[in-house]
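Below: one structure, written as structure tokens.
The values are calculated or read from the model by the stated rules, or taken from the named source; none is laboratory data. Small disclaimer: the values here were computed from a predicted structure and weren't measured. Every residue, glycine among them, receives a Cβ derived from its backbone with ideal geometry; neighbour counts consider all protein chains shown.
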Amino acid sequence: MNERVAYLQSITPFNLLPLEVLEGVAEQLQEVSYHKDKVIYQQETTKLKGIDIIVKGEYESFFYDSAQDKRLIEHHEPGFCFGGVSVLLNRRQSLRTVIAKKGTLVYFLHRRDFRALCKAYDDFFVYFTAEFGKRMQNEEFVHFFKQPAAFEESYLAADQLYSRKVESIEYRPIVQCTGLTPVYEAARKMAEHKVSCLFVTDGQNRIAGYVTDITLRDKVIAQQRSPLEPVSSVMDNPIVSIDVEAYVYEAILMMFSTKTRYLLVQKQGAYIGFLSRNKLLSEQAQSPLVFIQSVKSAVSDEELKRKWESIPHFVNQLLERGVNAQIANQVVTTIADTIAQKVIEGAIEHVGPPPAKFVFMVLGSEGRKEQTFKTDQDNAIIYEDKANEHREEVREYFLEFATEVSGRLNSIGISYCTGGFMAQNPKWTHSLSHWKRNYVSWMAESLPETVINFSTFFDCRFVYGEASIMDELKTFLNEELQKPMDKLFYNMAINALQYEPPLTFFNTIRTFTKNSREVFDIKKAMTPIVDLVRVYALKNRVFEVNTGERMKALRKLDVFSEAGFHELYQSYYFLMSMRLKKQAIQIIQDKKEPDNYIDLSTLTKIERVTLKEIFKVIGSFQSKIKIEFTNSVLG
């Protein structure tokens, strides 16, 4: 046996081929040596003539970004086969830029011989497609691989907004005074330091509020209050902070969701400065997130309807730039929340002030911040418990209020829920004590219907009202979940196993016929991930609402391994990106209602390969949840 055949037998995937075939391959190999570092392939430019099998030395591969910095650097050592994916799936164009290091020796195999092996031996072919499928679950890889034509512009837009951190923004130093400081002295201090925001501390020197030029205008001058009053009597709340390591887009979304115009910047638990909304938005003047501000300033339901109809264009723009689907979800969610808040405020003006403190919460995909363009209303109301003599009066108010809110949201384009999960349904508008009883009975009964109710209402999120009511409900749930809940977890696990990934025994994607097209339902394909992550979140009392955030929290608790977390996280958001893009095209180009059916004939070979790998990941996690949550009950 010659040296080349022995080497091929020792490396993947050539070790999958019969000996007589390897002997033939060995005769076709050409030796290529590099005596100094050399760029041999350039991303999306060089046409590969074949594949390289590294025998000695090293290849360094990477993407160049718009600033010509190396990104996603990899080092390939002896035994690595480079170029297979490019030859098979990328029209022979090199996926990445490659530098052959000094002293490197490779065996070169011409593409015609390589393709012949792929046609003749399925296992050999699948090795390359599977490897690429795994890579396509890495959002950063996808970002660079799918470079749009105007790469410079779109990279900057995506990188600076969605990869740039708060620490890169120039924030202002904190100027503060105590709550006992007279208003006139606070104003003098603002003028002296040339700031429009002064932070106010309490007796323990903790920041408790802030005053701005607008505060002084609206609460002091307009109300003719004495400038001698303590500044604490007019200060604004709440205090909202963000970590210096957070991303710029997260800071902007946080400002809109909390309705604050100032964010304190935190580093290792200490405040180091603050950011204003104007500062952030002026730096992102071309960002679609500025659109949120225009939603906030809309003056009619007709204007809000036009804004809602424009969202697919903005989100599609983000996705085309290579932005992660989680960010796109957050943009849709923030806009939907902003619209809901405006509608709620309008309804209160019309119906009158509420007779009790309350929370308007959203549920399901909206509650998880995972809205797509095919979405409807899922909401409910919790109000504080009142004395018996006021109970009916309070309930009557909130049902009238909820009916108005749901009606206006529907007219704007956020449709009524066909399943009736809306606050205008008397079943889903109740006092806090009633809601506690609901959750307890759902957990205790654990029937198919109650498991669905519990799952829907576990994915709940505060949108408007008294946050303390929601906090009390979560504290209550946290205590309840510490009791034995095997039956609940068992039934929720069964629910998570209800939808199987559409992958056949023969490694093909299972489809069904819809309007003469062979399709699969991408929403159902994603559902097992949402369900199984929810079960683990409940079991470990993780109260994050977003599926991605739940995964991160579970990783920190070592419920998921590092590799398992990345597989599941990247699989979920690859599917979400595909779903959003498909729906956006239906709305923008086809001028039709979006759906969740993906036509296999419209997918590239790369997308099909990636989907197969994703469905394998989901199947593997379903096997794990089956063992952990169903065997324990069945014994």
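Please go through segment 61-93 and pick out each residue that is more than 30 Å from the chain's Cα centre (by Cα), surrounded by 15 or more Cβ atoms within 10 Å (Cβ to Cβ) and of a type outside the set (Lys, Arg).
His76, Pro78, Phe80, Cys81, Phe82, Gly83, Gly84, Val87, Leu88, Gln93
Run down Ile335, Ile339, Ile311, Ile348 and say which single residue is part of a helix (DSSP H, G or I), at pLDDT 95 or above, in the same structural domain as Leu409 (by TED's automatic domain parsing) and within 21 Å of Ser406 (Cα to Cα). Break it down into steps so the answer makes sense when it comes.
On the way: Ile335 fails: at pLDDT 95 or above; Ile339 fails: at pLDDT 95 or above; Ile311 fails: at pLDDT 95 or above.
It is Ile348.
Only one of Leu22, Leu48, Leu16, Leu8 is more than 19 Å from Val106 (Cβ to Cβ) and either among the charged types (D, E, K, R) or in contact with a helix residue (DSSP H, G or I) (Cβ under 6 Å, 6 or more places away or on another chain) (or both); which? Talk me through it step by step, then tell me what you get.
On the way: Leu22 fails: more than 19 Å from Val106 (Cβ to Cβ); Leu48 fails: more than 19 Å from Val106 (Cβ to Cβ); Leu8 fails: more than 19 Å from Val106 (Cβ to Cβ).
The match here is Leu16.
Failed condition for Gln482, given (1) assigned to a helix (DSSP H, G or I); (2) surrounded by fewer than 20 Cβ atoms within 10 Å (Cβ to Cβ), with all others met?
For Gln482, the exception is condition (1).
Considering only residues that are in contact with a Lys or Arg (Cβ under 8 Å, 6 or more places away or on another chain) and closer than 14 Å to Lys101 by Cα, which ones fall in segment 41-64? Let's see the steps before the verdict.
In the first step, residues of segment 41-64 are kept if they are in contact with a Lys or Arg (Cβ under 8 Å, 6 or more places away or on another chain); the result is 41, 43, 47-51, 57-64.
Within segment 41-64, Tyr41, Gly57, Glu58, Tyr59, Glu60, Ser61, Phe62 meet the criteria.
Please identify the pairs in which a residue from segment 384-400 that is closer than 15 Å to Pro353 by Cα and aliphatic (A, V, I, L, M) has its Cβ atom under 9 Å from the Cβ atom of a residue that is in a helix (DSSP H, G or I) and at pLDDT 85 or above, counting only partners at least 6 apart or on another chain.
Leu399/Pro426
Please work out which residue is farthest from the chain's Cα centre (by Cα), limiting yourself to segment 196-247 and to residues that are assigned to a loop (DSSP other than H, G, I, E, B) and among the aliphatic types (A, V, I, L, M). Quick ask: steps written out before the conclusion?
Within segment 196-247, the subset assigned to a loop (DSSP other than H, G, I, E, B) is 196, 202-206, 222-229, 234-235, 237-240, 244-246.
Narrowing the set further to residues that are among the aliphatic types (A, V, I, L, M) leaves 222, 228, 234-235, 239-240, 244, 246.
Numbers: Ala222: 44, Leu228: 49, Val234: 38, Met235: 35, Ile239: 25, Val240: 22, Val244: 20, Ala246: 14 Å.
Among residues in segment 196-247 that are assigned to a loop (DSSP other than H, G, I, E, B) and among the aliphatic types (A, V, I, L, M), the one farthest from the chain's Cα centre (by Cα) is Leu228.
Being closer than 30 Å to Ile239 by Cα, among the small types (Gly, Ala, Ser) and touching a residue at least 24 places away in the same chain (Cβ under 8 Å), is that true of even one residue in segment 414-430?
yes
For the condition free of Cβ contacts under 8 Å to residues at least 40 places away in the same chain and surrounded by fewer than 20 Cβ atoms within 10 Å (Cβ to Cβ), what is the one hit in Lys552, Lys524? Let's see the steps before the verdict.
On the way: Lys524 fails: free of Cβ contacts under 8 Å to residues at least 40 places away in the same chain.
None of the others qualify; the one that does is Lys552.
For every residue, the table says whether it meets (1) surrounded by 23 or more Cβ atoms within 10 Å (Cβ to Cβ); (2) of a type in the set (Val, Ile, Thr).
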site: Val323; (1), (2): yes, yes
site: Asn329; (1), (2): yes, no
site: Glu345; (1), (2): no, no
site: Glu349; (1), (2): no, no
site: Phe360; (1), (2): yes, no
site: Asp376; (1), (2): no, no
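Can you tell me which condition Arg550 does not meet? The list is (1) at pLDDT below 90; (2) in contact with an Asp or Glu (Cβ under 6 Å, 6 or more places away or on another chain), and all the others hold.
(1)
Within segment 600-635, how many residues turn out to be at pLDDT 85 or above and either within 20 Å of Phe505 (Cα to Cα) or small (Gly, Ala, Ser) (or both)?
Residues in segment 600-635 being at pLDDT 85 or above and either within 20 Å of Phe505 (Cα to Cα) or small (Gly, Ala, Ser) (or both): 21 in total.
For segment 446-479, which residues satisfy the criterion of being among the charged types (D, E, K, R) and surrounded by fewer than 16 Cβ atoms within 10 Å (Cβ to Cβ)?
Of segment 446-479, the ones among the charged types (D, E, K, R) are 449, 459, 461, 466, 471-472, 474, 479.
Within segment 446-479, Glu449, Asp471, Lys474, Glu479 qualify.
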